[in-house]
Structures are given as structure tokens and as C-alpha cells.
């Protein structure tokens, strides 16, 4: 039986393996796909090659799956020569901004629900946000409660009708404006 020869130590290159190169290429393609979420104004602010910027815009407009895959591969090829750090930083900043907006929206929603549920919450609101127009909030709360009661009496099984009152939306707008004005000071 023939004995298997051991490979010589110099037979393998010292560079990254084919699998590592493939992973890096796929990661760059994924980054390019994620960059498509950025608005044009933010995409223009990122320091990158103009050819890469044009390829990203073209990728955004392609609808065919096969063409989109080929264009994404081309963008990945262009990104091999680009500095990945500013692209990643811009994407992270954009995502953090969207997360902050979502959290602020949820906070306004919670305050609105709390204020509509109980009169004591208005006192807590006034303590947490001094200098606001409490009387106007009280009026909006009263009108929103009246709209909700009218919607429930008209159709007790419908939950969608509860959210359509003008005072309900105005209360949201007033709370959002108060929280936005309070956030920079805090």
C-alpha cells in the first residue's frame, strides 16, 4: 500500500484562506445593501469614491433580482478598495437616529395613555415638565376622553374608532413638542 505523503510546510500560502476572503466579500456586500437605507443627502456626506456612490445609487434603482445580485457583487468589488470605517460609522449613526426617534415616539404614546387613564398623571406630568401649559393639556385630555366615550357608545366593539379623534391627535402633538423641547435641556 502506498504511503500518503505529508505536504511540505511551504506548500500553503501564508495569506487568508479562500473561505476568509469569501466571508469578507459577503460582509462588504451586506454593508452595501445596508447603505441603501440611507437617504441621498446622508449618502452624499460620506467620504467615498464617486464610482462607488454611483454604483450604490444604481443598485437602489434596480428591481430585477438577478441584476440586483450582480450589481451588489460589483459594489462589493468596489468596496474592497474603499475605507469601510466611514461607511460603517454613517450607517450606525443613521440607525441610532431611527432608534432614538422610535423611543421618543413610544414615550409620547405612553404619556398620552397615562394622561387619558388618570387625572393624577397630569400632576406627574406637570412636575416632570414644569413650565408647560397644563390648562391646555387638561382641555385636550378632557376632549379626547369625550371623543373616546362617544366612539365607544357608537360602536362598543370597534377599537379603531378610539384613535381617530382630533383631540387625541392634538394631545399627541402637544406632548411630542413638550418632550422635544425638554430633551436638549436634560
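For the reader, a short list of remarks on this structure follows.
- Condition check for residue 113: at pLDDT 85 or above, surrounded by 13 or more Cβ atoms within 10 Å (Cβ to Cβ) and part of a helix (DSSP H, G or I): no
- Count - residues of segment 74-94 that are exposed (fewer than 14 other Cβ atoms within 10 Å of the Cβ) and either more than 23 Å from the chain's Cα centre (by Cα) or more than 21 Å from residue 42 (Cα to Cα) (or both): 3
Rundown of residues vs (1) over 12 Å from residue 28 (Cβ atoms); (2) assigned to a helix (DSSP H, G or I); (3) in contact (Cβ under 8 Å) with a residue 24 or more places away in the chain, yes/no style:
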site: 48; (1), (2), (3): yes, no, yes
site: 54; (1), (2), (3): yes, yes, no
site: 57; (1), (2), (3): yes, yes, no
site: 60; (1), (2), (3): yes, yes, yes
site: 69; (1), (2), (3): yes, yes, no
site: 74; (1), (2), (3): no, yes, no
site: 82; (1), (2), (3): no, no, yes
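- Some residue of segment 22-43 being surrounded by fewer than 11 Cβ atoms within 10 Å (Cβ to Cβ), modelled with pLDDT of 90 or more and either part of a helix (DSSP H, G or I) or in contact with a helix residue (DSSP H, G or I) (Cβ under 6 Å, 6 or more places away or on another chain) (or both): no
The values are calculated or read from the model by the stated rules, or taken from the named source; none is laboratory data. Since this is a predicted model, take the numbers as computed values, not measurements. Ideal geometry is used to build each Cβ from the backbone, glycine not excepted, and the neighbour counts take in all protein chains shown.
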